[in-house]
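Asker: Below is one structure. I have some questions about it.
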Amino acid sequence: MRTPRPLAAIDKVHGFRQTGHVRVRLALFAIALLAASSSPTRGESEIVVAIRYLQAEGESHAPLFLYGEDGTLVRQLTKGETGQDLDPMFAPDGETLVFTREISANKFEFWSIQPSGAGLTRLEAAPEWYAEATSAPFFDWPDPGSGDNEDATPFGNRGPRFRAPDGSVELILREIKQDEDDSINGPGHGKHYLLHDLKSGKQIEFWKLPGFEGAVEQLQLKGRDARFLIEPPLRLAFFGVHLNSTDGDTDYALDLTNRRFVRLSPNWAAPIPLPGEPAFLAMAYVRYVPVPGSARTANCSYLERWDASLTKVRYAREGAAAVCYGASIFRPGKTPATITIRKSGD
């Protein structure tokens, strides 16, 4: 959409005299154009996120924010003056949002609001579709875990193979018993893993791929028998590795097309597929983020979106210490039309 012209330019083009009545009409017209330019078309995806911005003094609250898919903040939907707003969810038609408001410890209310910010209403009870909805599946460490289970094959002796569903590659997760790095869950583990191109027959060890720092487990879609995310041109596998006692775990996306590793977060991340789109969401967890105006740090979480080029946008203020209390995306014309990330993960 074109940038709205200044009022004086509009007057000149249309030959208006600068009367008070005309100026009011033009001002209203210009405001309408500005509002339209900052709001997504209802045919585009919209994302609502509950964000608690941490502050140096006083109690911080978690209101709802509506974003465009590209990370542009459209509007703040609720005021964070009391309690915490959490688990927002688009209705199946995308016309309303329902969310939970925690007004005190273990005391909750249910509210609805329109994406425009109008119609804030307290509900007697949560709609059935809201109460029964579960959080979207995400890629996580597979059972039985990282080898700590007594029944699991010990590190240094494993070598499972996983073939991509499009038949393009096979990952051969071989370990070398004599290699010290392969005997622990830590950086350097997995350097002998192989990316096998099934069309050319060529194999390459993981350590030769740009961005490799370590790979232990190939993440699996929680509750599903799936280890790859194939939405052409997006073709990924995800791997986790334990960094150290301070930083915990982290996750990487293995780009099967461009043969590279991309780290998803300084610490742990949960990749969330967007079926039918060459993109994915990720809940990124970041430790020890400085809280503005203080010497304190906090463990934070942010919702992010990664596109086919593995470029991300974050649905939060730049540089803020924040905690995500749930999110929902409405995707007109796609299946499913709504994807929800609940604070509890249930």
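The values are calculated or read from the model by the stated rules, or taken from the named source; none is laboratory data. Computed from a prediction, not measured in an experiment: that's the story for all the values here. Note that each Cβ is placed from the backbone with ideal geometry, even for glycine, and that neighbours are counted across all protein chains shown.
Asker: Would you point out which residue out of Tyr302, Tyr285 is within 16 Å of Leu243 (Cβ to Cβ), in contact with a strand residue (DSSP E or B) (Cβ under 9 Å, 6 or more places away or on another chain) and not basic (Lys, Arg)?
Answerer: One residue alone meets the criteria, Tyr285.
Asker: Further question on the same structure: Any idea which residue in the range 268-305 is surrounded by the most Cβ atoms within 10 Å (Cβ to Cβ), counting only those that are of a type in the set (D, E, K, R) and modelled with pLDDT of 95 or more?
Answerer: This residue is Arg305.
Asker: I would also like to ask the following. Can you tell me which residues in the range 204-230 are assigned to a strand (DSSP E or B) and closer than 13 Å to Arg161 by Cα?
Answerer: Quick first cut of the range 204-230, residues assigned to a strand (DSSP E or B) only: 204-205, 217-218, 220-221, 228-230.
Those that are assigned to a strand (DSSP E or B) and closer than 13 Å to Arg161 by Cα: Glu217, Gln218, Phe228.
Asker: For residues that are assigned to a loop (DSSP other than H, G, I, E, B), touching a strand residue (DSSP E or B) at 6+ places or on another chain (Cβ under 7 Å) and under 11 Å from Thr338 (Cβ atoms), tally how many sit in the range 92-112.
Answerer: Of the residues in that region, 2 qualify.
Asker: Based on what the data block shows, is Pro210 surrounded by fewer than 19 Cβ atoms within 10 Å (Cβ to Cβ), under 21 Å from Ala282 (Cβ atoms) and touching a Lys or Arg at 6+ places or on another chain (Cβ under 9 Å)?
Answerer: Criteria met by Pro210.
Asker: Give the number of residues within the range 112-122 that are in contact with an Asp or Glu (Cβ under 8 Å, 6 or more places away or on another chain) and surrounded by 13 or more Cβ atoms within 10 Å (Cβ to Cβ).
Answerer: As a first pass, look at the range 112-122 and keep what is in contact with an Asp or Glu (Cβ under 8 Å, 6 or more places away or on another chain): 114-115, 122.
Restricting the remaining residues to those that are surrounded by 13 or more Cβ atoms within 10 Å (Cβ to Cβ) gives 114-115.
Adding up the residues that qualify gives 2.
Asker: Does Phe228 qualify as being in contact (Cβ under 8 Å) with a residue 12 or more places away in the chain, of a type in the set (Phe, Trp, Tyr) and within 26 Å of Cys300 (Cβ to Cβ)? Can you show your working first?
Answerer: On the way: in contact (Cβ under 8 Å) with a residue 12 or more places away in the chain: yes; of a type in the set (Phe, Trp, Tyr): yes; within 26 Å of Cys300 (Cβ to Cβ): no.
Spelling it out, it is not the case that Phe228 is in contact (Cβ under 8 Å) with a residue 12 or more places away in the chain, of a type in the set (Phe, Trp, Tyr) and within 26 Å of Cys300 (Cβ to Cβ).
Asker: Further question on the same structure: For the range 59-111, which positions are within 19 Å of the chain's Cα centre (by Cα), surrounded by 14 or more Cβ atoms within 10 Å (Cβ to Cβ) and of a type in the set (Asp, Glu)?
Answerer: Glu69, Asp85, Asp87
Asker: Kindly provide the set of residues from the range 221-230 that are surrounded by fewer than 19 Cβ atoms within 10 Å (Cβ to Cβ) and either among the aromatic types (Phe, Trp, Tyr) or under 17 Å from the mean Cα position of the chain (by Cα) (or both), ordered by number.
Answerer: Lys222
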